[in-house]
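S.K.: Once you've had a glance at the structure underneath, I'll fire off some questions.
The values are calculated or read from the model by the stated rules, or taken from the named source; none is laboratory data. Bear in mind that the values here come from a model prediction, so they are computed numbers and not experimental data. Cβ: placed from backbone, ideal geometry, glycine included. Neighbour counts: every protein chain shown. Areas reflect the complete protein model, heavy atoms only, side chains present, ligands, DNA and RNA absent. Shrake-Rupley method; radii C 1.70, N 1.55, O 1.52, S 1.80 Å.
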Amino acid sequence: MSSFDRRTVLLMPLALAACGFEPVYAPGGSGAALNGTVEVSAPNTVESFLLVQNLERQLGRSATSGNAYQLDVGVSTVTRRASITTANETNRYTIDGNATYALKSNATGQILASGSVADFVGYSAAGSTVSTLADERDAIERLMVILSDQIMNRLYATPGLSA
């Protein structure tokens, strides 16, 4: 016998509404509040440039100086050898990334959300020098996409943001 019941599917939206669930991109949701109103801090490294680029792609690039929010981000990476042969040659690397963020209201100066996110990616170093450098560049780009997605998920979950 199946435990699936159509009544639970019909009652699910009511239960979510009762607990305060609100879709991010609904009118008045936090996604609408952040879209085009956040100025992201200027990057100072290649990694932070890629992180800011991904954040601006998701938030919408703000062209005005009267933004409602300021997002300060910082990123650090550490490259580690992950696979070493018996001849002491490295076949694989991992890049550990850590990004910190703080979303501040320009009207009040209050920090609305802050924290840090971390993840890692790997790449192969078994090919030529050119392919290893291309793999490393691609891995850094992938890591910055992952970190920016994690930051956006946390920002969208911030209570009290409304359009």
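S.K.: Pull up segment 109-163, narrow it to residues that are among the basic types (Lys, Arg) and under 30 Å from Asn91 (Cα atoms), then point me to the one that is most open to solvent (accessible area, probe 1.4 Å).
M.R.: Applying the filter and picking the extreme gives Arg137.
S.K.: Give the residue that is farthest from Leu34 (Cα to Cα), with candidates limited to residues of segment 56-76 that are over 15 Å from the mean Cα position of the chain (by Cα) and assigned to a strand (DSSP E or B).
M.R.: Gln70
S.K.: Still on this structure, I have one more. Are any residues in segment 61-85 surrounded by 12 or more Cβ atoms within 10 Å (Cβ to Cβ) and closer than 16 Å to Ile146 by Cα, and if so, which ones?
M.R.: Val73, Gly74, Val75, Ser76, Thr77
S.K.: Another question about this same structure. Would you check if Asn35 is modelled with pLDDT of 90 or more and farther than 19 Å from Gly115 by Cα?
M.R.: no
S.K.: Another question, if that's okay. Out of Ser83, Ser48, I need the residue that is in a helix (DSSP H, G or I) and over 20 Å from Leu112 (Cβ atoms). Which one?
M.R.: Ser48
S.K.: Yes or no: Val121 closer than 30 Å to Asn67 by Cα and touching a Lys or Arg at 6+ places or on another chain (Cβ under 8 Å)?
M.R.: no
S.K.: Still on this structure, please answer the following. With respect to Ala99, determine if the residue is in contact with a Lys or Arg (Cβ under 8 Å, 6 or more places away or on another chain) and of a type in the set (Gly, Ala, Ser).
M.R.: no
S.K.: For residues in segment 86-108 being outside any strand (DSSP E or B) and in contact (Cβ under 8 Å) with a residue 12 or more places away in the chain, which is surrounded by the fewest Cβ atoms within 10 Å (Cβ to Cβ)?
M.R.: Only one residue tops the list, namely Ala107.
The rows are residues; the columns are (1) among the charged types (D, E, K, R); (2) in contact with a helix residue (DSSP H, G or I) (Cβ under 7 Å, 6 or more places away or on another chain).
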| residue | (1), (2) |
| --- | --- |
| Asp119 | yes, yes |
| Ser124 | no, yes |
| Ser131 | no, no |
| Ala139 | no, no |
| Leu143 | no, no |
| Ser148 | no, yes |
| Ile151 | no, yes |
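S.K.: Another one. Would it be correct to say that Gly122 is over 15 Å from Leu51 (Cα atoms), touching a residue at least 40 places away in the same chain (Cβ under 8 Å) and in a strand (DSSP E or B)?
M.R.: So Gly122 passes the test.
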